[in-house]
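See structure below.
What follows draws every value from the coordinates through simple rules; no lab data is involved. These numbers were taken from a predicted model, which means no experiment stands behind them. Note that each Cβ is placed from the backbone with ideal geometry, even for glycine, and that neighbours are counted across all protein chains shown.
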Amino acid sequence: MSQTTLVPLSVRTNYQFKITRIIDHTPLIRELYLELTNQPHFLFKAGQFVMLHVPVEGAKPALRAYSVASTDALINGFKLIFKFVETGIASNYVWGLKGDEILNMTGPFGKVFFVEPPAEQIVFLNTGSGISQHFSFLESKMEKYPNLNYKLYFGVRTEADIYYDSELKRLKEKLPNFHYEFVLSRPSDSWTGRKGYVQDCLKDFDYKNTPTTFYMCGNGAMIKDVKKQLLEIDGLDKQQVWAEAFD
Ligand SMILES: Cc1cc2nc3c(=O)[nH]c(=O)nc-3n(C[C@H](O)[C@H](O)[C@H](O)COP(=O)(O)OP(=O)(O)OC[C@H]3O[C@@H](n4cnc5c(N)ncnc54)[C@H](O)[C@@H]3O)c2cc1C
């Protein structure tokens, strides 16, 4: 059933999800596959996030935002990607999950959407777990717009922090003009791929003469740097630059 024929529930609705799969991509990146159990559907648009209600002993739950990492075509479940934050309330809860717990959430929230009709060139810059929002955009829009010129730069520290390579490879098989690269800020000497920060990649392609929309997700400092370059220095229109900061 398509999302458009269904009536959205209130954002205050309590949604309960059971965990159907836990994948530890690295010691610091955990992905949860979640299936809705208590409502007829959970409707969202690619780019949006949910609030996870983290149980806290003797107090109200702590609310933390997580961007949905899968296609918005599915109405009864999704995936979330978590990056471990030392001493973090939600992080310690998520890393303590065994798989038989029910997770409480509200949502969807967020106003970063895929701009349609799309520009000729779409650039995704992300760090850490920021791939979640961009993967949802790609999975949700790939059938409708298979031929766009997509570029994705994924910033992590070291080789050991790389994840989602096989998921991105699978997208590449279906998207003829999809280019993605991992950008390592602290690679080993043997790393032959790209080094530095995702913001350095702006030099690589023409966005001043090619209609382009930028999406950024993850580290706030990266987003600030790129916005400064694109909006203040290059004079791009605000409608071409969309961002979700996780910290
Ligand atoms: C719109 C939105 C979407 C988000 N989507 C995701 C997502 O898909 N995946 C994901 O992993 N996170 C996401 N986040 C971040 C997430 O909401 C939490 O902030 C993060 O998981 C830390 O929560 P915590 O309870 O573990 O840490 P807390 O208990 O809140 O914080 C513990 C300590 O860590 C610091 N800290 C908090 N957050 C970060 C951070 N991100 N990086 C470094 N230090 C931090 C705090 O200053 C504090 O000192 C998103 C945030 C927003 C605003």
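Couple of notes before you dig in:
- Membrane-span-like helices in the chain, defined purely by DSSP H runs whose alpha carbon atoms cover 18 Å or more axially and whose average Kyte-Doolittle hydropathy reaches -1.0, do not occur.
- Sites listed here are GluC sites (Glu not before Pro) in region 143-247 whose DSSP assignment is loop and whose Cβ has at most 11 other Cβ atoms within 10 Å: Glu143.
- Take the Cβ atoms of Leu63 and Ser188, set R0 to 25 Å, and the FRET efficiency comes out at 0.05.
- Three-way shape call for region 100-190 based on the alpha-carbon gyration tensor, with the a/c threshold at 1.5: oblate
- Compared with the direct C-alpha span, the chain from Thr13 to Lys224 gains 72.6 nm at full extension, assuming 0.36 nm per residue.
- Considering only the chain, percent of DSSP beta bridges that pair antiparallel, nearest 5: 55
- Förster radius 25 Å - calculated FRET efficiency between Thr5 and Arg170, Cβ distance, rounded to 0.05: 0.30
- DSSP-defined beta bridges in region 121-245 - what % are antiparallel, rounded to 5: 0
- Using a cutoff of 8 angstrom between alpha carbon atoms and counting only pairs six or more residues apart, the relative contact order for the chain works out to 18 percent.
- Cα-based shape type of region 95-247, given that a ≥ b ≥ c are square roots of the gyration tensor eigenvalues and the cut on a/c is 1.5: rounded
- Here Asp237, Asp189 are placed in order of increasing Cβ neighbour count within 10 Å, fewest first, which gives Asp189, Asp237.
- Gap separating the Cα centres of region 189-235 and region 5-68, nearest whole Å: 30
- Estimated distance in nm for a label pair at Lys238 and Lys144, the labels positioned 7 Å out from Cα along Cα-to-Cβ: 2.4
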